[in-house]
Amino acid sequence: MLYANAHKAMINNDYEYAIKQYEALTSRFPFTSEARQARLDLIYVYYRKGEKETAVDAVEQFIRENPTHPRVDYAWYMKGLIYFERTPFSVERFFGVDMAKRPPTDAIKSINAFTTVVTQYPNSEYSHDALKRLTYLRNRLADYEINVARWYIKRGAYIAAARRAEGVVEQYDGSPAEQPALAILLNCYQRLGYAELATNVEKVYAYNYPATSEPENASGKHWWQIWR
């Protein structure tokens, strides 16, 4: 009866009442199958009610207590979704500030959760959507690293910029940000006098992006200067 009432309230978007009924069920009958389903439903209800932190806590508790549950993939997906929806604004607001001190932790948490869905539960009904969101987040995070690298370059911190660019090449292989990352690496290596490293990067760039590897383009700049 408790579960039926809670589920009906959830369907009718009466989240306040649904939470009370679900919490009563999990408290009175904690080891029943209905209680485990109620904990999954609570994740969704907290999320829809806007109680994101409580929803994440519910996710983590469910995963911790039910690691082999048939629907644990849903819990992982919801964790990724909650952090995903907090990411666009949090990423955008980093631009133009001291980005090195404010990493987009929500994006990283979302990536970790969606990666779990895709790799551990490839046949999940949530796997396809998780993969699309994961690709988007990886590209956004790679773009973030490029902006941090450029921020360092403006301040003459070429070693720090190079490390950020190296991270993009190593961690976000295949993302659109890989091209400017290589350009930043060449720029930094040349400024630092690392001739051999600069030559190697130039070869990699020319191999992967032959259309933009000419010494100069129509603007009269070297290709790596375009990305500065």
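For the range 127-211, the solvent-accessible area works out to 51 Å² per residue, with a probe of 1.4 Å and every protein chain left in place. The long axis of helix 195-208 is offset from the longest Cα principal axis of the chain by roughly 60 degrees. To the nearest ten degrees, helix 178-192 and the longest principal axis of the Cα atoms of the chain are 50 degrees apart.
Checking [x] 16.8, 52; [y] 23.4, 75; [z] 16.1, 52 against the coordinates, the calculated Rg and Dmax of the Cα atoms in Å falls under label [y].
Are there chymotrypsin sites (Phe, Trp or Tyr not before Pro) in the range 20-85 that DSSP puts in a loop and that have at most 10 other Cβ atoms within 10 Å, and which ones? Can you show the working numbers first?
Working: sites: TYR22, PHE31, TYR44, TYR46, TYR47, PHE62, TYR74, TRP76, TYR77, TYR83, PHE84; in loops: PHE31.
Qualifying residues, ordered by number: PHE31.
Tell me, what is the per residue accessible area of the range 1-53 in Å², probe radius 1.4 Å? Result: 58 Å² of accessible area for each residue.
With a Cα cut-off of under 20 Å and a minimum spacing of 8 residues unless on different chains, the lysine pairs in the chain number 14.
Are there trypsin sites (Lys or Arg not before Pro) in the range 152-197 that DSSP puts in a loop and that have at most 15 other Cβ atoms within 10 Å, and which ones?
Values: sites: LYS154, ARG155, ARG163, ARG164, ARG191; in loops: ARG155.
Passing sites in the range 152-197 are ARG155.
Which percent of the accessible heavy-atom area of the range 123-177 goes to carbon and sulfur, probe 1.4 angstrom? It would help to have the intermediate numbers written out before the result.
Details: 1360 of 2940 Å².
Using a 1.4 Å probe with all protein chains present, the range 123-177 comes out at 46 percent carbon and sulfur.
Relative to the longest principal axis of the Cα atoms of the chain, the long axis of helix 127-154 makes an angle of roughly 40 degrees.
The values are calculated or read from the model by the stated rules, or taken from the named source; none is laboratory data. Quantities reported herein were computed from a predicted structural model and do not represent experimental measurements. All Cβ positions, glycine included, derive from the backbone under ideal geometry; neighbour counts span all protein chains shown. The protein model used for the area step is the full one, side chains on, heavy atoms only, and it has no ligands, DNA or RNA in it. Shrake-Rupley method; radii C 1.70, N 1.55, O 1.52, S 1.80 Å.
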